[in-house]
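Chemist: Mind looking over this structure? Questions follow.
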Amino acid sequence: MGARAQYVVVENGAWQRYYSHWAANRVVEDLLPGPVAATRCFRANQETDAWLDDVWCEGAALVDHDRRILLWFAFADSWADCVAARAVLARTWPGWDVRFAHDGMGDLTHHLGLGRDLTREPGWFETFEPSWFADTENTEPWSVVSLRLPGGSVRAWGSGGEPIGLVACGPGLIDLLVPSPTTPSPSDMPYGGVHYDPQARTVSLWTVQPAVGIHNWPLPGWENWVLDFRGDDHTQQAGLLPADFPFPQTSLAAALRQLGDALGTPPPDNGALLARAVATPGPEGTTSVVNPAAQVPHEPADPTPAELAELRTTLDALVAEAEVD
């Protein structure tokens with residue numbers, strides 16, 4: 001239980017880790033006011049000498065003041081929420097190299113010179129037998145899969161799988177796509193996409209969510225294939241999609257307003273939830289146990305009134321720009 005987050009602050013050649021049991025869903029909110037406010041917030045959390053791994057860490061940030069680099073990842077409810085957060089951070093972290101950590105904790109440990117597999121067991125990347133189900137009714141797929149056919153035309157399908165999960169099936173998935181029926185074009189932007197070009201032996205992937213393991217190419221089964229990793233840029237696949245299967249036009253205005261509405265909202269009080277968990281009888285002969293870290297609430301150091309006012313001005317400007325577009 002919990003939404004665990006890890007933070008790393010680098011300054012004057014040294015780095016320190018911090019931990020919160022409840023803050024993964026607040027990583028974006030804590031980053032938005034800029035580097036000074038974010039650093040103050042992260043340092044208000046519990047210091048730790050341990051690393052979370054990719055399974056337990058649901059959100060993280062590394063703030064490197066020496067190199068002016070921000071690495072971060074967190075889950076968002078939609079493509080628009082992801083892109084809106086990136087747009088705000090580009091304004092509120094001026095002069096910084098702001099990067100989404102697509103490889104999760106691997107990107108953070110790699111930045112510190114510790115390699116990508118510090119928190120990963122040997123053979124950790126899970127592969128799957130190719131399987132495919134064409135959902136002919138779903139108009140809100142998680143991913144879009146496209147395939148260049150031998151004659152040069154491109155077909156596309158919606159998929160409920162994450163892009164990295166689709167690639168984990170290996171090239172054998174391509175043989176299942178060819179006879180697959182058509183699926184509806186997406187009514188909302190997916191979180192990511194994969195494009196296969198067997199003639200060029202190239203697989204392209206984009207995603208606005210973590211794709212843990214993507215930098216360990218070639219992944220099993222993809223030897224002698226080239227990876228074209230596009231980060232969060234969907235435009236290359238958009239240009240390849242058939243005319244009857246376009247990505248929808250999505251305004252960021254609503255997502256930006258939602259970020260503004262959440263400003264200043266305190267973290268939820270999980271005390272009552274924990275009290276009920278402890279009081280609930282377990283199976284006969286057992287005792288309820290709560291992780292001590294879960295009893296430490298996430299109490300961020302709030303942005304100053306001036307920092308909040310500047311952030312609201314930035315959000316108002318971005319909303320105005322989005323409405324014009």
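Chemist: Can you tell me how many residues within the range 100-114 are open to solvent by 30 Å² or more (accessible area, probe 1.4 Å) and either within 24 Å of Asp232 (Cα to Cα) or not in a loop (DSSP other than H, G, I, E, B) (or both)?
Modeler: Of the residues in that region, 2 qualify.
Chemist: In the range 233-250, what residues are within 20 Å of the chain's Cα centre (by Cα) and open to solvent by 60 Å² or more (accessible area, probe 1.4 Å)?
Modeler: Thr235
Chemist: How many residues does the range 30-56 contain that are touching a Ser or Thr at 6+ places or on another chain (Cβ under 8 Å) and in a loop (DSSP other than H, G, I, E, B)?
Modeler: Number satisfying all stated conditions: 8.
Chemist: Hey, another quick one. Does Pro190 satisfy the criteria of being in a loop (DSSP other than H, G, I, E, B), open to solvent by 30 Å² or more (accessible area, probe 1.4 Å) and either over 28 Å from Gly123 (Cβ atoms) or polar (S, T, N, Q) (or both)?
Modeler: On the way: in a loop (DSSP other than H, G, I, E, B): yes; open to solvent by 30 Å² or more (accessible area, probe 1.4 Å): no; either over 28 Å from Gly123 (Cβ atoms) or polar (S, T, N, Q) (or both): yes.
The answer is no for Pro190.
Chemist: Filter the range 1-18 for residues that are of a type outside the set (D, E, K, R) and part of a strand (DSSP E or B) and give the result. Step through it out loud before you land on a result.
Modeler: As a first pass, look at the range 1-18 and keep what is of a type outside the set (D, E, K, R): 1-3, 5-10, 12-16, 18.
Hits for the range 1-18 are Ala5, Gln6, Tyr7, Val8, Val9, Val10, Ala14, Trp15, Gln16, Tyr18.
Chemist: Taking the range 168-188 only, how many residues are closer than 20 Å to Phe247 by Cβ and among the hydrophobic types (A, V, I, L, M, F, W, C)?
Modeler: Adding up the residues that qualify gives 1.
Chemist: For the range 30-38, indicate whether the set of residues that are free of Cβ contacts under 8 Å to residues at least 40 places away in the same chain, within 21 Å of Gly213 (Cα to Cα) and surrounded by 17 or more Cβ atoms within 10 Å (Cβ to Cβ) is non-empty. First the steps, then the outcome.
Modeler: Here is the first cut: in the range 30-38, the residues free of Cβ contacts under 8 Å to residues at least 40 places away in the same chain are 38.
Checking which are within 21 Å of Gly213 (Cα to Cα) leaves us with none.
There is no residue in the range 30-38 that is free of Cβ contacts under 8 Å to residues at least 40 places away in the same chain, within 21 Å of Gly213 (Cα to Cα) and surrounded by 17 or more Cβ atoms within 10 Å (Cβ to Cβ).
Chemist: Something else about it: Which residues, counting only those in the range 158-199, are free of Cβ contacts under 8 Å to residues at least 40 places away in the same chain and either over 20 Å from Asp54 (Cβ atoms) or polar (S, T, N, Q) (or both)? Break it down into steps so the answer makes sense when it comes.
Modeler: Pass one, the range 158-199, residues free of Cβ contacts under 8 Å to residues at least 40 places away in the same chain: 158-161, 165-166, 174, 178-179.
Gly158, Ser159, Gly160, Ile174, Val178, Pro179 - these are the residues of the range 158-199 that are free of Cβ contacts under 8 Å to residues at least 40 places away in the same chain and either over 20 Å from Asp54 (Cβ atoms) or polar (S, T, N, Q) (or both).
Chemist: Scanning for something assigned to a loop (DSSP other than H, G, I, E, B), open to solvent by less than 20 Å² (accessible area, probe 1.4 Å), closer than 17 Å to Pro303 by Cβ and touching a residue at least 12 places away in the same chain (Cβ under 8 Å), does the range 19-29 turn up at least one residue?
Modeler: The first filter runs over the range 19-29 and keeps only residues assigned to a loop (DSSP other than H, G, I, E, B), leaving 21-23.
Right, trim to open to solvent by less than 20 Å² (accessible area, probe 1.4 Å) and you get 21, 23.
Add one more test, that the residue is closer than 17 Å to Pro303 by Cβ, and what stays is 23.
Checking the rest, the ones that are also touching a residue at least 12 places away in the same chain (Cβ under 8 Å) come to 23.
Checked the range 19-29: at least one residue is assigned to a loop (DSSP other than H, G, I, E, B), open to solvent by less than 20 Å² (accessible area, probe 1.4 Å), closer than 17 Å to Pro303 by Cβ and touching a residue at least 12 places away in the same chain (Cβ under 8 Å).
Chemist: Please specify each residue of the range 41-75 satisfying the condition of being aliphatic (A, V, I, L, M) and in contact with a strand residue (DSSP E or B) (Cβ under 6 Å, 6 or more places away or on another chain). Lay out the reasoning, then the answer.
Modeler: Start the filter on the range 41-75 by keeping residues that are aliphatic (A, V, I, L, M), which leaves 44, 50, 52, 55, 60-63, 69-71, 74.
Across the range 41-75, the qualifying residues are Leu52, Ala60, Ala61, Leu62, Val63, Ile69, Leu70, Leu71, Ala74.
Chemist: Looking at the range 35-50, is at least one residue under 19 Å from His102 (Cβ atoms) and among the aliphatic types (A, V, I, L, M)?
Modeler: Quick first cut of the range 35-50, residues under 19 Å from His102 (Cβ atoms) only: none.
No.
Chemist: What number of residues within the range 93-119 are among the polar types (S, T, N, Q) and touching a helix residue (DSSP H, G or I) at 6+ places or on another chain (Cβ under 6 Å)?
Modeler: The initial filter retains those residues of the range 93-119 that are among the polar types (S, T, N, Q), namely 109, 119.
Going one step further and asking which of them are touching a helix residue (DSSP H, G or I) at 6+ places or on another chain (Cβ under 6 Å), we end up with 119.
The number of residues fulfilling the criteria is 1.
Chemist: Does the range 40-58 hold any residues that are under 12 Å from Gln16 (Cβ atoms) and surrounded by 18 or more Cβ atoms within 10 Å (Cβ to Cβ), and which are they?
Modeler: As a first pass, look at the range 40-58 and keep what is under 12 Å from Gln16 (Cβ atoms): 42-43, 45-49.
Within the range 40-58, Phe42, Asn45 qualify.
Chemist: Moving on to the next point. Of all helices (runs of 4 or more DSSP H) completely enclosed by the range 214-325, which ones contain at least 3 residues that are modelled with pLDDT of 65 or more and not hydroxyl-bearing (Ser, Thr, Tyr)? Working first, answer last.
Modeler: Numbers: elements: 235-240, 253-262, 271-279, 305-324.
Passing ranges, in order: 235-240, 253-262, 305-324.
Chemist: Here's something else I'd like to know. Collect the residues in the range 57-86 that are hydrophobic (A, V, I, L, M, F, W, C), within 22 Å of Thr314 (Cα to Cα) and in a loop (DSSP other than H, G, I, E, B), keeping them in residue-number order. Show your work before the answer.
Modeler: Just the residues of the range 57-86 that are hydrophobic (A, V, I, L, M, F, W, C), to begin with: 57, 60-63, 69-76, 79-80, 82-85.
Those still in the list that are within 22 Å of Thr314 (Cα to Cα) too: 61, 63, 69-74, 76, 79-80, 82-85.
Result: Ala76, single match.
Chemist: Collect the residues in the range 152-178 that are open to solvent by 30 Å² or more (accessible area, probe 1.4 Å) and among the aliphatic types (A, V, I, L, M), keeping them in residue-number order.
Modeler: Leu176, Val178
Chemist: Further question: Considering only the range 200-225, state which residues are in contact (Cβ under 8 Å) with a residue 24 or more places away in the chain, open to solvent by 10 Å² or more (accessible area, probe 1.4 Å) and of a type in the set (A, V, I, L, M, F, W, C).
Modeler: Passing the criteria: Ala200, Val212, Trp225.
The values are calculated or read from the model by the stated rules, or taken from the named source; none is laboratory data. For clarity, every value in this text was computed on a predicted model and none was experimentally measured. Here the Cβ is made from the backbone with ideal geometry for all residues, glycine too, and neighbour counts use every protein chain on show. Accessible surface areas use protein heavy atoms only, side chains included; no ligands, DNA or RNA. Shrake-Rupley method; radii C 1.70, N 1.55, O 1.52, S 1.80 Å.
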